[in-house]
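The values are calculated or read from the model by the stated rules, or taken from the named source; none is laboratory data. A quick note: this is a predicted structure, and the numbers were derived from the prediction, not measured. Glycine gets a Cβ as well: all are built from the backbone with ideal geometry, and neighbour counts include every protein chain shown. These area figures cover heavy atoms from the full protein model, side chains too; ligands, DNA and RNA do not enter into them. Shrake-Rupley method; radii C 1.70, N 1.55, O 1.52, S 1.80 Å.
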Amino acid sequence: MAEAGGRAGLRRSVAARVLGSYALVTLAFALVAGWSIFAQRSAAHETRLVRTGYFPLALAVRDLVAKQDTWNTQLNHITAAKNPADIRVWFDVSLRVGRPRTFAEVHAAVERAFLVEGDAGTRHAGELLLKDVREIEAFVASDGARLERLFQALGRGDAAEAERLRDELVTHGSQTSAKLGKLEQSVKRNVDFLLDAARARELLAIRLLVGLAVVALLVGFLMAVYARRVLRPVAAITERARAVARGDLEPKSAVASDDEIGELSATFEQMVSAIARANEQLVAAERLATIGKMAAHVTHEIRNPLSSIALNLELLEEQVPHGDAEATGLFRAIGKEVERLSALSQQYLSFARRPAPLRELEDVGQVALEAAEFVRPELRQEGVALKLEVEPGLPPVPCDESQLKQALFNLLRNAREAMPAGGTVTLGVHKNGEQALAITVDDEGAGIDPEVRARLFEPFFTTKKGGTGLGLAITQHIAVSHGGSIACEPGPSGHGTRFSLELPIRV
């Protein structure tokens with residue numbers, strides 16, 4: 001226990017050194033990341049300020065300047081107009097609608113940019129701008145009265161008075177244009193100040209990033225030196241790996257290192273043991289394949305004599321008198337054994353050959369229906385009902401129809417044998433997600449023990465008297481050769497057994 005505690009402490013020490021180094025880099029990155037987030041938020045705020053405040057404000061002020069220039073131009077020609085009433089309409093619209101709306105836009109832009117959010121300096125700048133706007137608005141408030149007197153003079157035909165009032169309005173308009181120009185310059189200065197501040201923050205962020213890069217390089221160099229010292233035992237593990245590559249799968253002791261390297265060595269030895277077990281399984285599989293070849297050869301040699309026996313048996317039956325009950329019983333017994341041996345040899349041959357499937361797009365629901373109709377009389381004779389449930393609109397699946405039917409026959413007959421007292425077998429076909437089609441066979445039998453269920457698909461394993469143990473092995477081979485799988489689990493209602501065969505919708 002003390003030794004284990006010492007190892008754990010050493011592992012923590014090694015991990016602490018590595019994590020401490022990386023913690024330093026992480027801290028530096030966190031500082032820069034925090035500053036970057038702050039700078040980005042500030043930049044975003046300033047961008048939003050330009051977009052929602054300064055830019056609309058600049059446009060509104062520019063609109064005021066343009067309208068004031070138009071105002072001054074109209075004033076220059078007002079006394080020479082043939083029909084002053086037409087021009088008066090334009091001035092009335094400008095006084096009642098144009099100017100108030102434009103000044104309202106300026107007010108709203110200043111409030112959005114400076115007074116809704118921002119620091120004290122921003123709000124102070126906004127209040128100054130709003131003060132300038134109000135002063136200009138108050139300065140032009142008297143234009144309406146002056147215009148009224150001008151149009152009255154024009155109506156009386158007093159040309160001298162009209163000229164004097166026009167000159168007064170033109171001078172007043174020029175003063176208004178000058179004030180608006182100063183307001184426009186003030187907006188421009190604020191925007192330039194904002195951009196300069198953003199550039200300064202960007203430069204500071206770049207300098208911090210450069211400093212972080214230098215720190216990261218230094219820490220990386222120190223980590224490389226430290227890793228070189230810590231990872232020296234890896235050379236022993238490398239030599240062990242070369243020995244395994246040469247075929248040495250004998251168990252060896254792990255590298256004596258009380259840190260993560262020791263854990264790596266122990267894990268590697270576990271992997272070597274797993275490879276050794278896999279090799280043993282491979283040898284067993286090769287032996288099984290050899291047995292299959294031998295079974296195929298023996299089956300081939302047996303089938304011809306069995307055919308001859310069956311034929312001669314038929315000839316003998318024809319020559320024996322019909323009244324000889326004993327002879328007839330013997331012939332029937334011999335015939336049943338010949339049929340059993342023929343079926344057995346066919347199963348061995350199917351298991352030995354295992355042909356590759358010839359896939360074509362098939363309607364699996366229709367294949368299941370045909371298989372069900374084929375075995376339904378056989379099941380009915382044993383008191384077993386067959387229920388078919390096919391989901392509508394199933395897509396076609398690439399499969400070998402004959403092999404799929406063989407698999408279904410095996411599963412349905414197994415279900416029948418699981419219910420000697422009768423019952424119901426349910427054959428279902430439905431989609432399992434978007435990539436697979438599931439074929440399920442449910443019976444109402446006594447169920448299968450977990451220990452037996454784990455070995456069901458092993459060749460030659462059977463719990464049935466007189467069984468070959470090849471039916472489910474062949475069914476699994478058919479499923480796997482189609483790129484699918486087969487599984488056995490308890491029935492959905494808690495009793496019985498369910499076999500689920502999945503086929504991919506696309507190859």
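Can you tell me which residues in the range 402-452 are β-branched (Val, Ile, Thr) and modelled with pLDDT of 90 or more?
Thr424, Val425, Thr426, Val429, Ile439, Thr440, Val441
Output the residue which, of all residues in the range 194-208 that are exposed (fewer than 13 other Cβ atoms within 10 Å of the Cβ) and either of a type in the set (Val, Ile, Thr) or modelled with pLDDT under 75 (or both), is nearest to Val110 (Cα to Cα).
So, considering only residues that are exposed (fewer than 13 other Cβ atoms within 10 Å of the Cβ) and either of a type in the set (Val, Ile, Thr) or modelled with pLDDT under 75 (or both), the one nearest to Val110 (Cα to Cα) is Leu195.
For the range 117-127, check the following and say yes or no: at least one residue is touching a residue at least 24 places away in the same chain (Cβ under 8 Å), part of a helix (DSSP H, G or I), within 24 Å of Leu95 (Cβ to Cβ) and of a type outside the set (Asp, Glu).
Among the residues of the range 117-127, not one is touching a residue at least 24 places away in the same chain (Cβ under 8 Å), part of a helix (DSSP H, G or I), within 24 Å of Leu95 (Cβ to Cβ) and of a type outside the set (Asp, Glu), which makes the answer no.
Please tell me if Glu389 is open to solvent by 60 Å² or more (accessible area, probe 1.4 Å), in a helix (DSSP H, G or I) and either among the acidic types (Asp, Glu) or farther than 22 Å from Ala479 by Cα (or both).
Criteria not met by Glu389.
Quick check on Glu286: is it open to solvent by 40 Å² or more (accessible area, probe 1.4 Å), at pLDDT below 70 and of a type in the set (D, E, K, R)?
Yes: the conditions hold for Glu286.
For the structure I just gave you, tell me whether Ser142 is at negative phi, assigned to a helix (DSSP H, G or I), polar (S, T, N, Q) and open to solvent by 50 Å² or more (accessible area, probe 1.4 Å).
no
Can you name the number of the only condition in (1) buried (at least 16 other Cβ atoms within 10 Å of the Cβ); (2) over 39 Å from the mean Cα position of the chain (by Cα); (3) part of a strand (DSSP E or B) that Pro398 fails?
Checking Pro398 against (1) buried (at least 16 other Cβ atoms within 10 Å of the Cβ); (2) over 39 Å from the mean Cα position of the chain (by Cα); (3) part of a strand (DSSP E or B), the one that fails is (2).
Quick test for you: out of Gly173, Gly157, Gly98, Gly126, pick the one residue that is of a type outside the set (A, V, I, L, M, F, W, C) and on the phi > 0 side of the Ramachandran plot.
Criteria check complete, one pass: Gly157.
Matching residues to (1) among the β-branched types (Val, Ile, Thr); (2) assigned to a helix (DSSP H, G or I):
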{"position": "Leu75", "(1), (2)": "no, yes"}
{"position": "Ala80", "(1), (2)": "no, no"}
{"position": "Ile87", "(1), (2)": "yes, yes"}
{"position": "Phe91", "(1), (2)": "no, yes"}
{"position": "Leu95", "(1), (2)": "no, yes"}
{"position": "Arg99", "(1), (2)": "no, yes"}
{"position": "Ala104", "(1), (2)": "no, yes"}
{"position": "Ala108", "(1), (2)": "no, yes"}
{"position": "Arg112", "(1), (2)": "no, yes"}
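Kindly evaluate Asp63 against the criterion of being touching a helix residue (DSSP H, G or I) at 6+ places or on another chain (Cβ under 6 Å) and free of Cβ contacts under 8 Å to residues at least 60 places away in the same chain.
Yes; evaluated as a whole, the condition is true for this residue.
Among (1) surrounded by 15 or more Cβ atoms within 10 Å (Cβ to Cβ); (2) basic (Lys, Arg); (3) in a loop (DSSP other than H, G, I, E, B), which single condition is Arg498 missing?
Unmet condition: (3).
Please enumerate the residues belonging to the range 453-495 that are of a type in the set (Val, Ile, Thr), surrounded by fewer than 15 Cβ atoms within 10 Å (Cβ to Cβ) and modelled with pLDDT under 80.
Listed by number, the list holds a single entry, Thr463.
What do you reckon, is Arg149 without any contact (Cβ under 8 Å) to a residue 12 or more places away in the chain, among the charged types (D, E, K, R), assigned to a helix (DSSP H, G or I) and open to solvent by 70 Å² or more (accessible area, probe 1.4 Å)?
no
Can you run down the residue pairs with Cβ atoms below 7 Å, 6 or more apart or on separate chains, where the first is in the range 158-180 and in contact (Cβ under 8 Å) with a residue 24 or more places away in the chain and the partner is buried (at least 19 other Cβ atoms within 10 Å of the Cβ) and among the β-branched types (Val, Ile, Thr)?
That search, which allows pairs on different chains as well, returns Arg166/Ile78; Thr176/Ile136; Thr176/Val140; Lys179/Ile136; Leu180/Val61; Leu180/Ile136.
Quickly run through the range 73-113 and pick out the residues that are of a type in the set (Gly, Ala, Ser), surrounded by fewer than 17 Cβ atoms within 10 Å (Cβ to Cβ) and modelled with pLDDT under 80.
Ala80, Ala81, Ala85
Looking at the range 422-446, which of the residues that are part of a loop (DSSP other than H, G, I, E, B) and crowded, with 17+ Cβ neighbours inside 10 Å is farthest from the chain's Cα centre (by Cα)?
Top of the filtered list is Gly445.
Please tell me if His482 is out of contact with any Leu (no Cβ under 7 Å at 6 or more places or on another chain) and touching a residue at least 24 places away in the same chain (Cβ under 8 Å).
In short, no.
Can you find, within the range 155-193, the residue that is modelled with the lowest pLDDT among those that are open to solvent by 40 Å² or more (accessible area, probe 1.4 Å) and aliphatic (A, V, I, L, M)?
Top of the filtered list is Ala159.
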